[in-house]
Amino acid sequence: MKKLISLMSLGVLLFVVTPTFATESSSDSHVKSPKQMVNINTAGQASLTGTLVSASATSLTVSSWGGNWVINLATDAKLVASSGIKALSADFNVGDAIKAQGKANSTSAWAIDARNVQDITLQMRNESFMGTVSAVSGNTFTLTTKKKGTLQVTANADAKFMLKGKTATVADLSNGATVTVSGVYNVKALTVAAKKIVITPTKEKKME
């Protein structure tokens, strides 16, 4: 009750809502920011849309109705990109359009404890690329492709490497090698979080 009184004193309108996350297009086109909106029902359930001001591992600051709101991120909060693919707050960029769902914080009038957060500007999707490897450093390398130009690839800790149909390791990766990388592609950052890397034997090398 104290929370609701505090919010009403700030001029926030209370609505009974059933918020949902929409799945945005996975094309490379820019996604427009949503209208700024904050909805909080009488049970304290909250949904917010706005523009990202800053991000950390534990919270986001989002510009929305009335000013800046703090979106607290619990360890079990679900963060996703526009396509619904799992994301991290580190993937979010200032200026991105944000949708958040959760509960109004019991001690701060301008904070929401989030269960779900979607960055509807962030475009990430599962995709595969073939190209030539360079600048190998540990589990990261540069991949030059014909379709998307230069991509920065990081092999996940559990990434699967294959060579001649058999299990390989990152040690089998070398500059100049041709590989097919499958993983999560970040359209804006031009990065791939690789789940699988297939190394083409030298005599079979070719490029798309």
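Please treat every number below as a calculation from the coordinates, not as lab data. Quick caveat: nothing in here was measured; it's all calculated off a predicted structure. Note that we place each Cβ from the backbone using ideal geometry, even for glycine, and neighbour counts take in every protein chain shown.
With the contact rule set at Cα under 8 Å and sequence spacing of 6 or more, what percent relative contact order holds for the stretch 98-208?
On the way: 238 pairs, mean separation 29.2, N = 111.
Value for the stretch 98-208: 26 percent.
I need the calculated FRET efficiency for the pair K195 and K35, taking r as the beta carbon distance and R₀ as 35 Å, to the nearest 0.05. With a Förster radius of 35 Å, E is 0.45. Residue-wise HN-Hα couplings along the stretch 154-169, as the Karplus relation 6.51 cos²θ - 1.76 cosθ + 1.60 with θ = phi - 60° gives them from phi, are 10, 6, 4, 4, 9, 4, 9, 9, 10, 8, 6, x, 10, 5, 10, 9 Hz; Gly and Pro carry x.
Percent relative contact order of the stretch 26-163, based on C-alpha pairs within less than 8 angstrom and at least six residues apart?
Details: 293 pairs, mean separation 28.1, N = 138.
Computed value for the stretch 26-163: 20 percent relative contact order.
With both labels modelled 7 Å from their Cα along Cα-to-Cβ, the S56 to A157 distance reads 2.4 nm. Using the Cβ of A159 as centre and a radius below 10 Å, the other residues enclosed give a net charge of +2, where K and R count +1 and D and E count -1. If R0 is taken as 35 Å, the Cβ-Cβ distance between T107 and K86 corresponds to a FRET efficiency of 0.75.
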